[in-house]
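Q: This is the structure I want to talk about, given as structure tokens.
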Amino acid sequence: MRRKDAANIPPNSTPIEEVSQLTLRAEEVDDDPTTAELRIPKVGFGFKFAYGLAYFGFFLCLFMPALFSLPYKIQLIDPASKETALGLVVGISAIVLLPIGPIFGVLSDRSKLSWGRRRPFLLLGLGAFAVSATIIAIAPTVPVVLVGYVIAQLAGGLVGAAMNPALAQYVPPAQRGKLGALSGVMASIAGVCASLIGSFLLGNLLVLFLLPVAVFAVGVLIWILVIPDGPAPDRFQAVTVGASLRSLLFNPRKHPDFSWVWLGKLLIGIATAFFSTYQLYFLLDRLGFTAEQAGQQLAAVGGLALLATIGFTIAGGYLSDKLRRRKVFIYVAASMIGTGMVIAAFSSNITVYIVGAVLLSAGSGAFNSVDLALASDVLPDKEAGGKWMSIYQVSGTIATAIGPVIAPLLLAIGGGGNYTAMFIAGGLVAAGAAFTASRVRGVR
């Protein structure tokens with residue numbers, strides 16, 4: 001009997017669905033995908049260390065500009081219209097990535113290089129991050145900053161195609177919650193480091209933007225030495241870019257769990273984008289800090305938030321594996337993020353803001369603890385993890401595109417600077433993730 005319940009695959013979904021017919025149907029594969037997944041050996045300390053360090057460097061490359069250095073750079077160039085300029089830069093660059101990220105995932109699934117199908121994408125992504133950082137640091141105008149940030153998004157897509165499939169491909173189900181939690185912890189630490197380090201590097205923009213790339217380079221080297229890789233299985237054939245795009249199409253009715261999980265990540269992403277993208281400007285405009293003071297306050301807040309995030313991330317990852325449950329952590333995360341944003345919406349001093357930020361961060365930790373594990377559990381095809389995880393990550397890309405574009409419209413209500421309206425809207429959006437989680441049937 002095929003133990004679909006063990007893989008958390010609902011009875012009415014097929015293990016593999018390819019509109020473009022580029023991969024074989026699951027019944028044509030000799031091994032039951034569920035049985036093969038249960039035979040994956042447990043990973044040891046070396047794998048965990050390489051996984052955690054590489055993700056820390058990756059998140060630092062993403063968060064240093066997203067949380068601090070990019071808003072600071074744009075404020076230097078265009079202080080009068082910084083909110084709109086920041087929203088356009090972040091939103092346009094994310095839109096550019098929408099079709100590109102999944103293509104990288106599909107191509108990484110099918111690479112036949114004996115050295116590895118993922119590693120070339122990882123190295124290309126590292127190089128693109130370095131180019132992006134240099135361009136933004138020396139950019140004299142907002143359009144040049146946009147070019148640099150578009151390259152940064154392409155770099156993120158390349159790296160994501162290389163690293164995100166590892167959880168589903170090499171980690172057994174019983175460890176996915178813990179490893180997913182580890183990446184969540186690294187994200188939280190990277191966020192705190194981004195603001196703290198950034199506040200001390202304002203006098204040297206090149207160092208400000210290139211330091212995260214140097215840290216990531218160390219993680220990439222260790223990843224390549226430790227994480228296994230090889231050419232794509234024979235069933236994956238070389239394809240054109242057009243065929244790659246067609247292969248990304250899937251019928252949500254055939255994969256309802258994957259679709260609901262995808263939508264939930266989108267909602268959480270939009271809500272947190274409201275908060276993270278504009279928190280520096282919130283401290284500058286509403287609470288009256290200077291850029292240096294704001295960076296240090298963000299780091300101080302981040303230190304407290306880090307404790308909450310790590311606690312909820314580690315506890316959530318451990319408990320989700322122990323209890324074999326994922327959805328309850330999404331319910332908790334959505335509630336905490338929504339409440340934290342409402343508190344921040346009405347904060348008029350740093351103390352109230354800290355309460356809201358810490359609660360939001362704890363909720364993010366609860367979400368991070370099961371985010372990748374839940375997605376890995378409902379992937380229609382684990383061997384095509386590059387494709388499916390890239391499709392999943394598109395939800396975050398769309399959120400990054402939508403959030404900063406909508407935010408200036410909310411900020412403009414009542415004459416401008418309406419952070420209250422923006423944060424309340426974000427809280428309501430985050431609450432929607434609880435509903436999407438309730439619709440998932442194949443995972444408890």
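Q: Inspect the stretch 163-173 for any residue being at pLDDT 85 or above and either surrounded by fewer than 19 Cβ atoms within 10 Å (Cβ to Cβ) or more than 19 Å from V226 (Cα to Cα) (or both) and give the result as yes or no.
A: For the stretch 163-173, residues at pLDDT 85 or above and either surrounded by fewer than 19 Cβ atoms within 10 Å (Cβ to Cβ) or more than 19 Å from V226 (Cα to Cα) (or both): present.
Q: Filtering the stretch 251-262 down to residues that are surrounded by fewer than 18 Cβ atoms within 10 Å (Cβ to Cβ) and touching a residue at least 24 places away in the same chain (Cβ under 8 Å), which residue is farthest from the chain's Cα centre (by Cα)?
A: K254
Q: May I pose another question? Examine the stretch 130-147 for a residue that is closer than 27 Å to S114 by Cα, in contact (Cβ under 8 Å) with a residue 40 or more places away in the chain and outside any helix (DSSP H, G or I), and state whether such a residue exists.
A: Here is the first cut: in the stretch 130-147, the ones closer than 27 Å to S114 by Cα are 130.
With in contact (Cβ under 8 Å) with a residue 40 or more places away in the chain added as a condition, the list becomes 130.
So of that shortlist, the ones also outside any helix (DSSP H, G or I) come out as none.
No - not one qualifying residue is present in the stretch 130-147.
Q: Across the stretch 361-395, which residue is farthest from R286 (Cα to Cα) among those that are small (G, A, S) and either in contact with a His (Cβ under 7 Å, 6 or more places away or on another chain) or at pLDDT below 80 (or both)?
A: Among those residues, the one meeting the criterion is A384.
Residue-wise test of (1) under 15 Å from S361 (Cβ atoms); (2) in contact (Cβ under 8 Å) with a residue 12 or more places away in the chain; (3) part of a helix (DSSP H, G or I); (4) not aliphatic (A, V, I, L, M).
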| residue | (1), (2), (3), (4) |
| --- | --- |
| K265 | no, yes, yes, yes |
| I270 | no, yes, yes, no |
| T277 | no, yes, yes, yes |
| L283 | no, yes, yes, no |
| L287 | no, yes, no, no |
| Q296 | no, yes, yes, yes |
| A299 | yes, yes, yes, no |
| A308 | yes, yes, yes, no |
| G311 | yes, yes, yes, yes |
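Q: How many of the residues in the stretch 312-360 are of a type in the set (F, W, Y), at pLDDT 90 or above and within 28 Å of A373 (Cα to Cα)?
A: Of the residues in that region, 1 qualify.
Q: Does at least one position in the stretch 206-220 carry a residue that is of a type outside the set (V, I, T), modelled with pLDDT under 95 and in a loop (DSSP other than H, G, I, E, B)?
A: No.
Q: Identify, please: which residue in the stretch 330-380 is closer than 30 Å to Q169 by Cα and of a type in the set (S, T, Y) and is, among those, surrounded by the fewest Cβ atoms within 10 Å (Cβ to Cβ)?
A: Filtering the stretch 330-380 for residues that are closer than 30 Å to Q169 by Cα and of a type in the set (S, T, Y), the one surrounded by the fewest Cβ atoms within 10 Å (Cβ to Cβ) comes out as Y331.
Q: Another question about this same structure. Answer yes if at least one residue in the stretch 181-201 is farther than 27 Å from S361 by Cβ and not in a helix (DSSP H, G or I), and no otherwise.
A: No, the stretch 181-201 has no match at all.
Q: Could I ask something else about it? Could you check, for the stretch 347-369, whether at least one of its residues is of a type outside the set (G, A, S) and part of a loop (DSSP other than H, G, I, E, B)? Walk me through how you get there before you give the answer.
A: Taking the stretch 347-369 and keeping what is of a type outside the set (G, A, S), we get 349-355, 358-360, 367-368.
Retained after the next criterion (residues that are part of a loop (DSSP other than H, G, I, E, B)): 349.
Yes, some residue in the stretch 347-369 is of a type outside the set (G, A, S) and part of a loop (DSSP other than H, G, I, E, B).
Q: Another one. What are the pairs with Cβ atoms under 6 angstrom where one residue, in the stretch 217-232, is in contact (Cβ under 8 Å) with a residue 24 or more places away in the chain and closer than 11 Å to L123 by Cα and the other, located anywhere, is of a type in the set (D, E, K, R) and surrounded by fewer than 20 Cβ atoms within 10 Å (Cβ to Cβ)? Sequence gap at least six, or different chains.
A: Here the result reads I224/R119, each pair linking the stretch 217-232 to a residue that is of a type in the set (D, E, K, R) and surrounded by fewer than 20 Cβ atoms within 10 Å (Cβ to Cβ).
Q: In the stretch 155-182, which residues are of a type in the set (S, T, N, Q) and either out of contact with any Gly (no Cβ under 9 Å at 6 or more places or on another chain) or farther than 17 Å from L53 by Cα (or both)? Before you say what the answer is, go through the steps one by one.
A: Kept after step one, since they are of a type in the set (S, T, N, Q), are these residues of the stretch 155-182: 164, 169, 175.
The answer is Q169, Q175.
Q: Tell me, which helices (runs of 4 or more DSSP H) wholly within the stretch 1-117 include 1 or more residues that are modelled with pLDDT under 85 and surrounded by fewer than 22 Cβ atoms within 10 Å (Cβ to Cβ)?
A: Helices (runs of 4 or more DSSP H) meeting the threshold: 33-38, 82-110.
Q: All but one of (1) under 19 Å from D285 (Cβ atoms); (2) over 18 Å from the mean Cα position of the chain (by Cα) hold for P404, so report the exception by its number.
A: (2)
The values are calculated or read from the model by the stated rules, or taken from the named source; none is laboratory data. Everything numeric in this text was worked out from a predicted model, so none of it was measured. Neighbour counts are summed over all protein chains in view; Cβ atoms, including those assigned to glycine, are modelled from backbone coordinates with ideal geometry.
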